[in-house]
Ligand SMILES: Cc1cc2nc3c(=O)[nH]c(=O)nc-3n(C[C@H](O)[C@H](O)[C@H](O)COP(=O)(O)OP(=O)(O)OC[C@H]3O[C@@H](n4cnc5c(N)ncnc54)[C@H](O)[C@@H]3O)c2cc1C
């Protein structure tokens, strides 16, 4: 019997350390985080990151065979759930998106020299990176069609085009740019990935875009999403990752495991939100009863718990499958996790806001900000519709069409049932 839902004792201790560290050191900073002096925060952040490194828990998204210190997707899923309790933990534990995905891409596609230059410094936290695929005038859900082009001119690639929603591009040291190099290779061998260092002439960060999470965006803050224009932007030939045309496959590499950690971080946030809902429900009275005694509130509590637990198990099982069979073999499952959990977390956040009433809607509680920053979930990393469509098509491949009545048509099954019954009667010795 191979199923085992227990975490081994040694790793459970590391998880307990993480939980204590995040709850005691990071969560208390949340109310003042935006006011911390940037230079002092840089020093304190380095100190906190050092403590994580001492515990051997830094940058655990990259498995040892790719040069990282990871422990596989299942253990990473357990860690990500705790990290999700507090968003600044991602940076402190070295699993910050989009860097983590970019490093997976580099780990799979870069040469040793390129890894020395960009991957290992990124993994050590010395430089940061952004990934530029989405464009304003073409559907981001369909990377088989892009406008941005890269043309080889002597020993340099010349990039032209416009990208937007590029997370961290206004602060990153390098931008991984997805550009078309061979239109004849469409749909899956047409594009390539290039490293464009910050400050390269021809790469202009036009603006950081205001969003639901930050409507009054301030340019150049980590976590912003930039619009970028490339005008005859030149990079040396050795800034191409992989071979020309490898871009699509490389872009897929950065998403596989990422869906698991994203999902588990959302579930960590969902659980913290449910804790807020429950505390409020047992603390406040309306119409002579605690909120917790109103059956509809009980429904919100129970439904949220059921959804979180079901989503955790689905995600853990998918992580286990990735460890056992590889991400490529469970692509549809990874999409299912993303599409399912992105809805679960929003449902729990929404119910928490509801149970907390005006307080829930206010910025006196963190839930409204979590809701706004999580609403991108069903859109980003491929919209949920796309993942559901891949899942449905994968499932449907297992079915054959029938002619006439369906296989389960009861009147058609009668003769077989009668024949079986006659045989069983005879076998049992009945006359
Ligand atoms: C917060 C945030 C951060 C982001 N960070 C980055 C980044 O760092 N780098 C980057 O390159 N991009 C980034 N993006 C962009 C993101 O990847 C795209 O928004 C996403 O791929 C969807 O593309 P789109 O916005 O162009 O929507 P569209 O492709 O125009 O799709 C719009 C809607 O159409 C529907 N739809 C589309 N295709 C299908 C389909 N096949 N079946 C059914 N319905 C469909 C869905 O409802 C979808 O939401 C980010 C986006 C957000 C919101």
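Of the residues making up the stretch 323-379, those that are surrounded by 16 or more Cβ atoms within 10 Å (Cβ to Cβ), closer than 30 Å to residue 71 by Cα and over 15 Å from the mean Cα position of the chain (by Cα) are 323, 330, 348, 370. Does the stretch 394-406 contain at least one residue that is in contact with a helix residue (DSSP H, G or I) (Cβ under 6 Å, 6 or more places away or on another chain) and within 16 Å of the ligand (Cβ to nearest atom)? Checked the stretch 394-406: at least one residue is in contact with a helix residue (DSSP H, G or I) (Cβ under 6 Å, 6 or more places away or on another chain) and within 16 Å of the ligand (Cβ to nearest atom).
Identify, please: which residue in the stretch 180-197 is more than 14 Å from the ligand (Cβ to nearest atom) and under 24 Å from the mean Cα position of the chain (by Cα) and is, among those, surrounded by the most Cβ atoms within 10 Å (Cβ to Cβ)? Can you show your working first?
Restricting attention to the stretch 180-197, the residues satisfying the condition of being more than 14 Å from the ligand (Cβ to nearest atom) are 180-186, 188-190, 192, 195, 197.
Subset that is under 24 Å from the mean Cα position of the chain (by Cα): 188, 192, 195.
Values: 188: 13, 192: 25, 195: 22.
Here the answer is 192.
The strands (runs of 3 or more DSSP E) falling completely within the stretch 114-174 that include 1 or more residues that are within 12 Å of the ligand (Cβ to nearest atom) map to 129-132, 156-167. From the set of residues in the stretch 380-404 that are under 24 Å from residue 214 (Cβ atoms) and modelled with pLDDT of 95 or more, which is surrounded by the fewest Cβ atoms within 10 Å (Cβ to Cβ)? Among them, the one singled out is 383. Name the pairs whose Cβ atoms lie under 9 Å apart, with the first residue in the stretch 301-326 and in contact (Cβ under 8 Å) with a residue 24 or more places away in the chain, the second exposed (fewer than 13 other Cβ atoms within 10 Å of the Cβ), and 6 or more positions between them or separate chains? Taking only residues 6 or more apart or on different chains, the pairs are 316/5; 322/329.
When every residue of the stretch 235-245 is checked against the conditions, none turns out to be within 15 Å of the ligand (Cβ to nearest atom) and either modelled with pLDDT under 95 or not in a strand (DSSP E or B) (or both). Run residue 69 past the list (1) over 15 Å from residue 25 (Cα atoms); (2) out of contact with any helix residue (DSSP H, G or I) (no Cβ under 7 Å at 6 or more places or on another chain); (3) free of Cβ contacts under 8 Å to residues at least 12 places away in the same chain and report the number of the one that doesn't hold. Going through (1) over 15 Å from residue 25 (Cα atoms); (2) out of contact with any helix residue (DSSP H, G or I) (no Cβ under 7 Å at 6 or more places or on another chain); (3) free of Cβ contacts under 8 Å to residues at least 12 places away in the same chain one by one, residue 69 breaks only (3).
Could you please find all residues in the stretch 92-113 being within 16 Å of the ligand (Cβ to nearest atom), in a helix (DSSP H, G or I) and out of contact with any strand residue (DSSP E or B) (no Cβ under 9 Å at 6 or more places or on another chain)? Let's see the steps before the verdict.
Quick first cut of the stretch 92-113, residues within 16 Å of the ligand (Cβ to nearest atom) only: 95-106.
Remaining after also requiring in a helix (DSSP H, G or I): 99-106.
Matches in the stretch 92-113: 100, 104.
Being touching a helix residue (DSSP H, G or I) at 6+ places or on another chain (Cβ under 9 Å) and touching a residue at least 12 places away in the same chain (Cβ under 8 Å) holds for only one residue in 228, 195, and it is 195. Within 11 Å of the ligand (Cβ to nearest atom) and either touching a strand residue (DSSP E or B) at 6+ places or on another chain (Cβ under 8 Å) or within 22 Å of residue 117 (Cα to Cα) (or both): is that true of residue 177 in this structure? Considered against the rule, which asks whether it is within 11 Å of the ligand (Cβ to nearest atom) and either touching a strand residue (DSSP E or B) at 6+ places or on another chain (Cβ under 8 Å) or within 22 Å of residue 117 (Cα to Cα) (or both), residue 177 comes out as yes. Under the condition of being part of a helix (DSSP H, G or I) and free of Cβ contacts under 8 Å to residues at least 24 places away in the same chain, which residue from the stretch 1-24 is farthest from residue 223 (Cα to Cα)? Going through the qualifying residues, I end up with 9. The one condition from (1) within 15 Å of the ligand (Cβ to nearest atom); (2) part of a loop (DSSP other than H, G, I, E, B); (3) in contact with a strand residue (DSSP E or B) (Cβ under 7 Å, 6 or more places away or on another chain) that residue 200 does not meet is (1). Take the conditions (1) part of a helix (DSSP H, G or I); (2) free of Cβ contacts under 8 Å to residues at least 40 places away in the same chain; residue 33 misses just one of them, which is (2).
Scanning the stretch 203-228 for residues that are closer than 18 Å to residue 127 by Cα, surrounded by fewer than 21 Cβ atoms within 10 Å (Cβ to Cβ) and within 12 Å of the ligand (Cβ to nearest atom) yields one hit, 223.
Return the only residue of 363, 389, 342, 373 being more than 16 Å from the ligand (Cβ to nearest atom) and more than 25 Å from residue 6 (Cα to Cα).
It is 363.
Which ones in the stretch 231-249 are under 18 Å from residue 161 (Cα atoms) and either without any contact (Cβ under 8 Å) to a residue 12 or more places away in the chain or surrounded by 13 or more Cβ atoms within 10 Å (Cβ to Cβ) (or both)? Across the stretch 231-249, the qualifying residues are 231, 233, 234, 235, 239, 240, 244, 245, 247, 248. With respect to residue 78, determine if the residue is closer than 30 Å to residue 3 by Cβ, assigned to a helix (DSSP H, G or I) and more than 16 Å from the ligand (Cβ to nearest atom). Yes, satisfied.
The values are calculated or read from the model by the stated rules, or taken from the named source; none is laboratory data. Just so it is clear, the model here is predicted, and its values are computed rather than measured. We place every Cβ from the backbone using ideal geometry, glycine too, and count neighbours over all the protein chains shown.
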